[in-house]
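For reference, the structure is listed below as C-alpha cells.
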Amino acid sequence: MARRARAYPPLLLLAMAVVTGCTTQPTVPSPTPAGVSFHDSLISLRAEAEDSDASAEQLSELDSAIANGEISFETASTAVQRAVECMRDAGLVADTKVDTRGSGFEVPMYVATLPVNLDQEAGMALVDDCDRREHYFVSLAFQTQPEAKAADDALIAERAPTLIECLEEHERDVPPQPSNDELVRAALDYMTAQFEAGVSSEFVINCLDLAGIDAG
C-alpha cells in the first residue's frame, strides 16, 4: 500500500512547535481498491515496512496481524509508545494520546513538540523517522482493519445525506445510489482538485469534515 501524505497541523512557532501524530490526510482512510482483502493489504504493507527499514518490533506486529487478521488497540498503543520514546531520545518532547473518531473508534496517536531552537525541517525529519520506523505501518493497518472500516461505514452511511448535499452544492458528480467508498472518493477528489487549482489550505472545502466524518 502506498504511503499517503500526512496532514500535520500548522506549526506553532512561539515557544514550541506542536506536531500531532496521525497516519493520513484526511483521517478517513482512502477506500481500499476493489477486490483487495485486508490480508492482501497487510502483506503489501508489511513488504513496504521492511523496505522502509521499519523496526523489528513493528515488523513482528505486522506478522502477527497477518496471522490473526487484526491489530489490537494494545498493539497500536505499544507502537505509538515506541515512536514517542524514539522522539524523546532525539531530544523532542512527545507524549501519547487517544483520538476518538466520530464513529467511536479509538486511535492511539502522539503529540510531539519541536523546541524553538531546533530547525523546523530537521525537527520534522526526526519526527518522521521515528514515526515511520516504529509506528506508521502498524497504525495504518490498525485504522484500515475491518473493525475500523465497519465503524467508519456506519458513520458515513449516517452522514451520507449531508455529504451528498455538500458535493452537489459544489457541482461535483455523485453517482446514483453511491456506495460509501464512492462518496469518500468523490470528497477526496474534490479536495485534490482544489489543491491542484492553487486554493489555499484554509479555504479548501472539505465535504467530509462538513459532514462530520473525521476529516483532518
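Computed about the Cα centre, the dipole magnitude for region 158-210 is approximately 80 debye when only Lys and Arg (+1) and Asp and Glu (-1) carry charge, each at its Cβ. Of the peptides 144-152, 111-119, the order by per-residue mean of other Cβ atoms within 10 Å, starting with the highest, comes out as 144-152, 111-119. At an R0 of 30 angstrom, the distance between the Cβ atoms of Val93 and Ser52 translates into a FRET efficiency of 0.75.
With the convex hull constructed from alpha-carbon coordinates only, region 158-210 shows a mean projected area of 3.5 nm² over all directions. By the beta-carbon count within 10 Å of each Cβ, the least crowded to most crowded order of Ser179, Ser37, Ser139, fewest first, is Ser37, Ser179, Ser139.
Values in this text are rule-based calculations from the coordinates and carry no lab data. Please read these numbers as outputs of a predicted model, since none were measured by experiment. Cβ coordinates were reconstructed from backbone atoms using ideal geometry, including for glycine residues, and neighbour counts include every protein chain displayed.
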